[in-house]
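Read through the structure below, which is laid out as structure tokens, and then see the notes.
The values are calculated or read from the model by the stated rules, or taken from the named source; none is laboratory data. Keep in mind that this is a model prediction, so the values were computed, not measured. When we count neighbours, we look across all protein chains shown, and the Cβ atoms used for this are built from the backbone with ideal geometry, even at glycine. Remember, those area values only see protein heavy atoms, side chains included, never the ligands or the DNA or RNA. Shrake-Rupley method; radii C 1.70, N 1.55, O 1.52, S 1.80 Å.
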Amino acid sequence: MPDPLLSQAIQEAYAACPADVVILHTLEIWHPTFLDGEGNPAPIRVVRDHADLTARLEAAAPRHGGQRVIGVNIAHTLGVFAFLGCRRGVQRGW
């Protein structure tokens, strides 16, 4: 079911981005069975693009705030991508 507040926030963010700025959509999925090589919980991060994305998480992110992370490219529309934001020279994400 669509979230009207999220939809409004996305519309405002799109409207605020200059026309020459690329908007990238990302998705971060956490699940208890997703583990890194050392057995620690780890997410799957993807970016809707043709190249991987290295981006810094927001400082207030609930996990790994302020860290640089990699999103694997997926050139497909899943229909549930979260809004990444706009970038001009600096990549932002998650």
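Kindly provide the set of residues from segment 29-54 that are in contact with a Leu (Cβ under 9 Å, 6 or more places away or on another chain) and among the charged types (D, E, K, R), ordered by number.
Scanning segment 29-54 gives ARG45, ARG48, ASP49.
Matching residues to (1) farther than 13 Å from VAL69 by Cβ; (2) of a type outside the set (Val, Ile, Thr); (3) surrounded by fewer than 11 Cβ atoms within 10 Å (Cβ to Cβ):
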| residue | (1), (2), (3) |
| --- | --- |
| ASP20 | yes, yes, yes |
| ILE23 | yes, no, no |
| THR26 | no, no, no |
| GLU38 | yes, yes, yes |
| PRO41 | yes, yes, no |
| ILE44 | no, no, no |
| HIS50 | yes, yes, yes |
Q | Criterion (at negative phi, surrounded by fewer than 10 Cβ atoms within 10 Å (Cβ to Cβ), touching a Lys or Arg at 6+ places or on another chain (Cβ under 8 Å) and not polar (S, T, N, Q)) met by exactly one of ALA60, ALA75 | A | ALA75
**Q.** Residues within segment 10-41 that are of a type in the set (Gly, Ala, Ser) and under 15 Å from the mean Cα position of the chain (by Cα), tallied
**A.** 1
Q. Cβ-Cβ below 7 Å, separation at least six or inter-chain, first residue in segment 35-48 and free of Cβ contacts under 8 Å to residues at least 40 places away in the same chain and over 18 Å from PRO62 (Cβ atoms), second open to solvent by 40 Å² or more (accessible area, probe 1.4 Å) and in a loop (DSSP other than H, G, I, E, B): which pairs?
A. VAL46/ILE74; ARG48/ILE74; ARG48/THR77
